[in-house]
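Computed from the coordinates by the stated procedures, all read-outs in this text should not be read as laboratory data. Here the structure is a predicted model, which is why all the values come from computation and not from measurement. Quick reminder, even Gly has a Cβ in these numbers, built from the backbone with ideal geometry, and neighbours come from all protein chains shown.
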Amino acid sequence: MPARSISTASLTFGLVSIPVRLFPATSSKSVRFNLLHEKDKSRIQEKIFCPVEEKIIDRSELVRGYEIEKGRYVTFTDEELKKLEAQADRAIEIEEFIPVTEVDPVYFENSYLLGCEPTSAKAYHLLKEAMTKAGRVGLAKFTMLGKERLVLIRPHDDGLMLHTMYYEDEIRSFKEIDHGADAPVKDSELSLAQRLIADLTQKKFEPAKYKDNYRERVIEAAEQKLAGHEVSEPTPEARRGNVIDLMSALKASLKKRGVAFNAEAQEESAKSSKAEPSEALERKAQPKRSGSRGAR
């Protein structure tokens with residue numbers, strides 16, 4: 001089935017305007033289950049229940065409420081909320097370009113493919129090529145579903161992609177949780193960790209290498225049930241013990257991967273490199289000796 005656009009817009013930078021269409025960039029394949037009545041296997045229906053009157057009510061009796069403090073709400077009608085929505089002018093005006101390395105992935109929310117109209121193909125391709133060669137992404141504002149969104153435009157797979165972004169005050173900080181910032185790390189531990197990372201490093205991301213094993217097990221079990229067979233239990237994975245000795249765990253990890261190392265020598269080398277500056281000063285403080293006896 002061909003992809004269906006969810007919206008049209010006009011992508012602009014400077015005085016250049018490019019008509020585009022938005023398409024969802026992802027399609028979740030996660031396993032979903034419906035709740036059934038065990039007796040007759042029919043899907044259940046959810047009813048709206050009022051705990052004060054202790055009865056089921058109709059959707060027509062509902063209003064939207066914004067909680068201003070615990071248990072206190074200000075209500076809005078659909079008409080009032082409609083007036084507060086941003087005007088949908090369908091413009092995606094790029095306000096600035098920045099290096100792609102300056103954007104942390106935590107700001108990305110949803111992703112959309114930007115397709116061009118036949119009349120805008122040249123301008124679309126020009127913008128994509130220019131952004132690719134410059135290593136830049138564009139930041140813009142775009143109204144979606146009545147809400148003004150911060151969006152990022154970037155080259156992707158020979159086209160342009162749009163990401164809706166979280167605002168800065170929506171990103172949580174590590175200040176809220178314990179993240180071990182003051183935990184001491186030995187030079188020898190750091191050296192082994194770097195060695196292990198280097199051995200596990202690949203040149204590029206290959207998403208095809210990774211599969212949703214849970215989804216495959218569920219589908220296989222469902223097919224077995226449909227065929228009237230008992231569901232076979234998967235082989236349990238070996239449980240890893242708690243890491244008590246960090247150095248031992250690092251050494252064992254490297255040994256398992258066949259990587260040669262000498263942690264003790266590395267630790268001594270790290271200590272000696274730290275001691276070099278003071279030793280050099282001591283050598284400089286010592287009086288110089290004559291190069292030969294005949295010079296006396």
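Could you compute the FRET efficiency for E93 and E54, with r as their C-beta to C-beta distance and R0 at 51 Å, rounded to 0.05? Efficiency for this residue pair is about 0.45.
The alpha-carbon atoms of the stretch 59-124, seen along their principal axes, cover 52, 32, 22 angstrom, with the largest extent given first.
Since only A25, I57, I68 are under comparison, the one whose Cα sits farthest along the positive direction of the charge dipole of the stretch 24-140, derived from C-beta charges on Lys, Arg, Asp and Glu, is A25.
Write down the Å³ per residue value for the convex hull defined by the alpha carbon atoms of the stretch 6-109.
264
Placing dummy labels 7 Å off each Cα toward the beta-carbon, the span from D182 to K83 is 5.4 nm. Taking amide H as placed 1.01 Å from N in the peptide plane, N110 has its amide H under 5 Å from the amide H of T164, each at least 5 places away in sequence or on another chain.
Residue by residue, the stretch 42-50 carries 3J(HN,Hα) couplings of 8, 5, 7, 10, 8, 10, 8, 10, 9 Hz when phi is fed to the Karplus relation 6.51 cos²θ - 1.76 cosθ + 1.60 (θ = phi - 60°); x denotes Gly or Pro. Principal axis extents of the Cα atoms in the stretch 71-215, from largest to smallest and rounded to whole angstrom, are 63, 55, 38.
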